[in-house]
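Right, one structure below, let's go through it.
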Amino acid sequence: MHSPVQAYNAVMKKMTLLGGMTPAVFLRDYWQKKPLLVRQAMPGFLPVLPAADVFALSLQEDVESRLISRSRKRWQLQHGPFTTMPPTSASTADDWTLLVQGVNLHDERADALLRQFRFVPDSRLDDLMISYASDGGGVGAHVDSYDVFLLQAHGQRRWRISAQKDLTLIDGLPLKVLKDFVAEQEYVLEPGDMLYLPPNYAHEGTAVGECMTYSIGFRAAAYQEIGEAFLQFMAESIDLPGRYADPHLAPSKRPAHIDASMLHQVAEQLQKVRFNDEDIIIFLGEHLSEPKATVVYSIPSRPLSVARFAEACTRRRIVLSLKTIMLYRGRHVFINGESFAVRRADIAVLSTLADQREISNEKILTASDDVRETLYEWYRDGWLQLA
């Protein structure tokens with residue numbers, strides 16, 4: 001449990017973060033409706049990672065990174081991992097941008113910054129991306145299909161934004177760059193300044209000197225994607241016994257024609273496929289907690305035995321891995337794409353772990369034997385650690 005002082009500090013941080021308004025007011029008046037510029041959303045903000053650490057992340061196989069460069073009107077896109085970075089000297093003819101996705105999965109400081117935005121549920125919160133750009137660097141005018149907070153971390157970046165409806169793209173580019181971008185507003189952001197943009201709001205960011213920008217992005221899957229995933233989920237659970245049969249088949253006069261009786265029989269069987277709210281809850285929890293393909297969990301090199309783990313839990317906290325996604329609804333708990341139903345008494349422990357991303361040793365002692373065994377398995381899998 002957080003102390004009253006911690007709770008108060010958390011509220012005050014959020015009020016600064018959103019320009020003096022509460023999360024409720026922001027969500028009511030701005031979220032998915034209109035942009036918001038907050039000067040000094042994080043006063044005195046310093047980068048949580050120096051540029052050298054950002055470059056180092058782009059060398060790793062399990063980190064998604066992209067390098068975008070532009071020389072005159074020619075764009076080039078490369079995917080990491082990289083071995084070297086272009087020169088940062090202002091004398092170079094090209095401007096370039098390094099984008100490193102999911103930094104919160106690899107660095108506790110980045111994760112802590114991302115968690116400042118948990119007034120939006122975890123089921124919507126995606127990741128923290130760091131953009132490092134040389135002078136003049138950018139990715140062109142574009143739109144994002146999701147909400148984004150653009151927090152300036154180092155140097156300056158000029159943002160030009162527009163509510164335009166013409167989202168036609170330039171053909172033949174490796175990037176989705178708007179063909180006819182017409183800026184309606186322009187801002188230069190300093191470290192600690194932040195710009196919120198709703199989905200499909202046109203924007204263009206250009207580095208003024210060397211700079212770093214942190215993008216806090218949110219998940220917004222297309223319904224088509226959700227539908228396809230749900231059908232795949234249901235394919236693993238449907239049960240249609242029997243096999244097609246036609247004992248009363250008559251001689252065919254048109255061999256290539258699909259008979260009406262076959263259509264009726266198959267339709268009758270397919271209409272037996274049903275799903276209910278419980279199916280949707282389980283599907284959605286597993287789908288939303290599924291880790292990205294690049295995620296690799298760090299398992300303990302010398303794991304404790306069951307007995308030693310249980311003893312350690314009497315003295316130490318349990319903390320979720322930065323890469324773990326844990327959600328819950330009702331009696332269902334979801335973690336890293338898996339789901340299970342738990343007893344009412346155990347929900348208190350597991351929901352605390354999901355909401356706070358840690359539980360104290362005192363709280364662990366109230367857990368059932370089943371939950372403690374599960375926590376040990378998650379520890380062995382690298383999904384959580386002893387603090």
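The values are calculated or read from the model by the stated rules, or taken from the named source; none is laboratory data. All of these numbers come straight from a predicted model, not from anything done at the bench. Cβ coordinates were reconstructed from backbone atoms using ideal geometry, including for glycine residues, and neighbour counts include every protein chain displayed. All accessible areas refer to the heavy atoms of the entire protein, side chains included, with ligands and DNA or RNA removed. Shrake-Rupley method; radii C 1.70, N 1.55, O 1.52, S 1.80 Å.
Numbers for the structure displayed
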read-out	value
Overall form of segment 63-170 per C-alpha gyration tensor (a/c, 1.5; a/b vs b/c)	oblate
Rounded to the nearest 20 debye, dipole of segment 208-327 from Cβ charges on Lys, Arg, Asp, Glu	600
Point-to-point label distance, ILE281-GLU236, nm (Cα→Cβ direction, 7 Å offset)	1.9
Across LYS73/LYS292; LYS176/LYS272; LYS34/LYS176; LYS176/LYS323; LYS165/LYS323; LYS73/LYS165, pairs whose alpha-carbon gap is larger than 32 Å	LYS73/LYS292; LYS176/LYS272; LYS165/LYS323
Segment 80-179 - charge dipole about Cα centre, Lys and Arg +1 at Cβ, Asp and Glu -1, debye rounded to 20	320
Heavy atoms of MET85 accessible to a 1.4 Å probe, total area in Å² rounded to 10	50
Segment SER252-LEU386, length gained on full extension (0.36 nm per residue, minus Cα span)	41.1 nm
Accessible area in the full protein assembly, largest first, 1.4 Å probe, for ASP369, ASP346, ASP355	ASP369, ASP355, ASP346
FRET efficiency, 1/(1 + (r/R0)^6) with R0 22 Å, evaluated for ARG118 and SER145 via beta carbons	0.55
Relative contact order (%) - segment 93-164, alpha-carbon pairs under 8 angstrom, separation at least six	38
Estimated inter-spin distance, ARG243 and ALA260, nm [label 7 Å along Cα→Cβ]	2.8
Segment 102-217 - percent relative contact order, Cα under 8 Å, separation 6 or more	41
Relative contact order (%) - segment 37-152, alpha-carbon pairs under 8 angstrom, separation at least six	24
Options LEU18, THR352, PHE233, ranked by Cα towards positive dipole end of the chain, top entry (Cβ charges)	LEU18
Two-site FRET efficiency, ARG74 against GLN185, from Cβ-Cβ distance with R₀ of 35 Å, rounded to 0.05	0.75
Max mean-square fluctuation residue, GNM over the chain, Cα-Cα springs under 10 Å, options GLY337, GLY44, GLY217	GLY44
Heavy-atom accessible area per residue - the chain, 1.4 Å, Å²	57
For segment 240-262 versus segment 151-192, the gap between their alpha-carbon centres in whole angstrom	60
Dipole in debye (nearest 20) - the chain, about Cα centre, beta carbon charges: Lys, Arg +1; Asp, Glu -1	540
Heavy-atom SASA rank of GLU204, GLU362, GLU108 (probe 1.4 Å, accessible area, largest first)	GLU108, GLU362, GLU204
Approximate spin-label separation ARG274-LEU304, in nm, with each point projected 7 Å along Cα-to-Cβ	4.8
Residues whose placed amide H lies under 5 Å from that of VAL148, excluding near-sequence neighbours	LEU197
Selected from TYR376, TYR30, TYR196 as most flexible by GNM, with the chain as the system and alpha-carbon contacts under 10 Å	TYR30
Accessible area of segment 62-191 belonging to carbon and sulfur atoms, whole % at 1.4 Å probe	47
Most mobile listed residue (LEU320, LEU77, LEU98) in the chain, GNM with C-alpha springs under 10 Å	LEU77
Residue-level accessible surface for GLU186, protein heavy atoms, 1.4 Å, Å²	110
Full-stretch length increase - ALA345, ALA293 - with 0.36 nm per residue and alpha-carbon distance subtracted	15.3 nm
